[in-house]
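Following: one structure in structure tokens, then a few remarks.
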């Protein structure tokens, strides 16, 4: 076979692989929408998305408590995880000795990324939740309410998720910082700036698009987490009124009730999947936009 023919075969194989990935996404999305749209068609988007009551036995399929639960947990995780992740990335890219990075910090970050989510959940149940419970019982406003003094809630979920998204934020942000042209750094130092002034006035602003992409990807990672969240947020399908309130995420709602659901109840869970699917698609699109903007 001639070289030109082999090139055509390889190109066709790569094209088929790309089409297969696209086909799988379309297949999954089509199946979710096929199963979940009947509930939206029957009760209306407003009643499903903005509804505040989730009682499938009474044909009440309000998704708003789960949407709020996912948003609060995810925003809490970002508030805790983003500063720590970005500062760690700056340290690894600009300040840390190479031996320290290669022998200790890098393996630790990779290990953090490889720990199963159920292990994070167990850690949260046995360590973080008891600490939050002990602190909440010392606050009179929380101690009097048994629903706010269990330790299971938004704070516990946010802490665990912040740890889980660290590898994503650190790796992407570090790559973005390392990709800043060396001329920027040398020019700043030549003008008399210190190393730290160069970092926060030149390097970090130049890498902000890549850092934001890491944050957005961490957001998607947090929004899609299931097992660890189920174990530590209390799983009450109600609108939260406090950071210590028990909540239920969209992913948790599907995982908890899908095993025993049937009929319209199952369709309502697929409606939850549609909302989550749209959220994830929007987040990934935002990440791609940021990366493309940086490349441009």
(message) List the helices (runs of 4 or more DSSP H) inside segment 225-296, counting only whole elements, that have at least 2 residues being at pLDDT 90 or above and touching a strand residue (DSSP E or B) at 6+ places or on another chain (Cβ under 9 Å).
(response) 264-295
(request) Take segment 257-280 and flag every residue that is surrounded by fewer than 17 Cβ atoms within 10 Å (Cβ to Cβ), farther than 19 Å from residue 45 by Cβ and in contact (Cβ under 8 Å) with a residue 12 or more places away in the chain. (result) 261
(message) I'd like the residue in segment 146-183 that is surrounded by fewer than 16 Cβ atoms within 10 Å (Cβ to Cβ) and part of a loop (DSSP other than H, G, I, E, B) and, out of all such residues, is modelled with the lowest pLDDT.
(response) 146
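Out of segment 58-74, which residues are touching a residue at least 24 places away in the same chain (Cβ under 8 Å) and in a helix (DSSP H, G or I)?
As a first pass, look at segment 58-74 and keep what is touching a residue at least 24 places away in the same chain (Cβ under 8 Å): 59, 61, 63-70, 72-74.
Within segment 58-74, 64, 65, 66, 67, 68, 69, 70, 72, 73, 74 qualify.
For segment 198-210, does any single residue satisfy the condition of being within 17 Å of the chain's Cα centre (by Cα), assigned to a helix (DSSP H, G or I) and either crowded, with 18+ Cβ neighbours inside 10 Å or at pLDDT below 85 (or both)?
Residues of segment 198-210 within 17 Å of the chain's Cα centre (by Cα): 210.
Cutting the leftovers down to assigned to a helix (DSSP H, G or I) gives us 210.
Restricting the remaining residues to those that are either crowded, with 18+ Cβ neighbours inside 10 Å or at pLDDT below 85 (or both) gives 210.
Yes, there is a match, as at least one residue in segment 198-210 is within 17 Å of the chain's Cα centre (by Cα), assigned to a helix (DSSP H, G or I) and either crowded, with 18+ Cβ neighbours inside 10 Å or at pLDDT below 85 (or both).
Report yes if residue 56 is within 26 Å of residue 224 (Cα to Cα) and surrounded by fewer than 16 Cβ atoms within 10 Å (Cβ to Cβ), otherwise no.
Working: within 26 Å of residue 224 (Cα to Cα): yes; surrounded by fewer than 16 Cβ atoms within 10 Å (Cβ to Cβ): no.
Spelling it out, it is not the case that residue 56 is within 26 Å of residue 224 (Cα to Cα) and surrounded by fewer than 16 Cβ atoms within 10 Å (Cβ to Cβ).
Here are some residues: 82, 86, 39. Which one is assigned to a helix (DSSP H, G or I) and under 21 Å from residue 255 (Cβ atoms)? Give the steps one after another, and end with the answer.
Values: 82 fails: under 21 Å from residue 255 (Cβ atoms); 86 fails: under 21 Å from residue 255 (Cβ atoms).
It is 39.
The values are calculated or read from the model by the stated rules, or taken from the named source; none is laboratory data. Just so you know, these numbers come straight off a predicted model, no measurement behind them. Don't worry about glycine lacking a Cβ; one is built from the backbone with ideal geometry, like all the others, and counts go over all protein chains shown.
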